[in-house]
Amino acid sequence: MKAAAQNFTPNGANGGRTSLFRAVLAMAYYITAASGLTILNKSIFSSFGFRYPLVLVEAQLLCTLGLFELLTRCHALQRPTWSFASASKMLPLVGSYLVMLLSGMFGLQNTTLVIYNTLRRTTVAFVLVLEYFILNVFPTLPTLCCVLAMTLGATWAGLVDSTFDLYGYVMIFVANVSSALYVVYARQVKQTSAWSNTDILYLNSLFSAPLVLGFVLWRGELTQLYRMGIGAYPWSFYLIFALACLMGFIINHSIFYNTNTNSPLTQTISAQVKDVILLVASAPFDGTKAISENLVGILISLLGSVAYSIIKYREHRALTEERH
């Protein structure tokens, strides 16, 4: 009785309010970071006419490594231990991560924000296919139906897209395939090593940064920027560019914090709210016409995504109850 009564003390109430505050904070943190990164990247390309996506990717990777080094020196993080033998096992993961970053940035540069967000949602379809062939995991029928709805909605939106850009669409397709490969390979690496998500992020950035720098030098992007001079862009561009680089690190921390603070249901809601925010935020970049002409496909894809999230949450809850 005494233990039960303690749940109704002011301290218990304060603890409940604190937990609720942390949950809401984690959710808002993830939504802000996830939608903010995409909006900032798109703003750099559309609002300022920046034509060097590889430079942006390299800057975000270097910023991530720099923040890792700073946090390591402050004893907030511990640098993962690795050898060339263990790192060789990460080659498929690093390769898919690198292709995902580059193709995703090229796709965002060459398509509207609303189409980019809609087409990227179909990554789930590629994940299901790869899980079947690599991990021998077969999805349930409701899951297949939801993924089919997402894919059909995205296809319809693409068919009626008046701003259709073949190169941009191909890049998003490549980004979806590489994202799916990354998800599958990340699971394999975590199952066969002691590396955490944070360790994998650090190693991916460490191995990818030199490769991206090589691409930047090969394409001559740094030389072109040097010739243009620092005055080629307004001061607001450099502010947004710096924020985008910072967000490249923050998005990964927000995913980690949200995952470890909130339930799967709250994480599901977070992802859907982020999609709605990106849909609304696309209006200043794409105009209301781009949204209205693709509205049917966008809504079908969004509803399929919501239904998929609900089904995955129920499957997760059923599996948890079964284990207990």
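The values are calculated or read from the model by the stated rules, or taken from the named source; none is laboratory data. Just so we're clear, the structure is a prediction, and the values are computed from it rather than from any experiment. A quick note on method: Cβ atoms are made from the backbone with ideal geometry, for glycine too, and the neighbour counts reach across all protein chains shown.
Among the residues of the stretch 57-66, is any over 23 Å from W195 (Cβ atoms) and buried (at least 16 other Cβ atoms within 10 Å of the Cβ)? Steps first, answer last, please.
Narrowing the stretch 57-66 to residues over 23 Å from W195 (Cβ atoms): 58-59.
Filter again for buried (at least 16 other Cβ atoms within 10 Å of the Cβ), leaving 58-59.
Taking every residue of the stretch 57-66 in turn, at least one turns out to be over 23 Å from W195 (Cβ atoms) and buried (at least 16 other Cβ atoms within 10 Å of the Cβ).
Of all residues in the stretch 234-256, those satisfying the criterion of being out of contact with any Phe, Trp or Tyr (no Cβ under 6 Å at 6 or more places or on another chain), of a type in the set (F, W, Y) and surrounded by 12 or more Cβ atoms within 10 Å (Cβ to Cβ) are Y238, F241, F249, F256. Residue count for the stretch 230-252, restricted to those that are within 21 Å of M27 (Cβ to Cβ) and not in a helix (DSSP H, G or I): 0.
The single condition among (1) without any contact (Cβ under 8 Å) to a residue 40 or more places away in the chain; (2) under 23 Å from V147 (Cα atoms); (3) of a type outside the set (G, A, S) that P210 does not satisfy is (2). You will find that of K312, K274, the residue that is under 17 Å from the mean Cα position of the chain (by Cα) and modelled with pLDDT of 70 or more is K274 and no other. Contact map, the stretch 290-318: first residue under 20 Å from T140 (Cβ atoms), second residue at pLDDT below 80 and among the acidic types (D, E), Cβ cut-off under 8 Å, separation 6 or more or different chains; pairs are S305/D275. Once the stretch 155-195 is narrowed to residues that are outside any helix (DSSP H, G or I) and either in contact with a Cys (Cβ under 8 Å, 6 or more places away or on another chain) or touching a residue at least 40 places away in the same chain (Cβ under 8 Å) (or both), the residue that is surrounded by the most Cβ atoms within 10 Å (Cβ to Cβ) is D161. Checked against the criteria, S292 counts as at pLDDT below 75 and within 16 Å of A157 (Cβ to Cβ).
Yes/no per residue for (1) within 17 Å of the chain's Cα centre (by Cα); (2) among the acidic types (D, E); (3) modelled with pLDDT of 95 or more:
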site: S205; (1), (2), (3): yes, no, no
site: L211; (1), (2), (3): no, no, yes
site: E221; (1), (2), (3): no, yes, no
site: R227; (1), (2), (3): no, no, no
site: L239; (1), (2), (3): no, no, yes
site: G248; (1), (2), (3): yes, no, no
site: H253; (1), (2), (3): yes, no, no
site: T259; (1), (2), (3): yes, no, no
site: N262; (1), (2), (3): no, no, no
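Restricting the stretch 67-80 to residues that are surrounded by 13 or more Cβ atoms within 10 Å (Cβ to Cβ) and farther than 27 Å from F215 by Cα, the residue that is farthest from the chain's Cα centre (by Cα) is T72. Going through (1) surrounded by 14 or more Cβ atoms within 10 Å (Cβ to Cβ); (2) of a type in the set (S, T, N, Q); (3) over 16 Å from I251 (Cβ atoms) one by one, S83 falls short only on (1). For G287, the requirement of being of a type outside the set (A, V, I, L, M), assigned to a helix (DSSP H, G or I), at pLDDT 80 or above and out of contact with any strand residue (DSSP E or B) (no Cβ under 9 Å at 6 or more places or on another chain) is not met.
Only residues that are aliphatic (A, V, I, L, M), modelled with pLDDT of 85 or more and under 15 Å from A175 (Cβ atoms) were counted in the stretch 117-161, giving 1.
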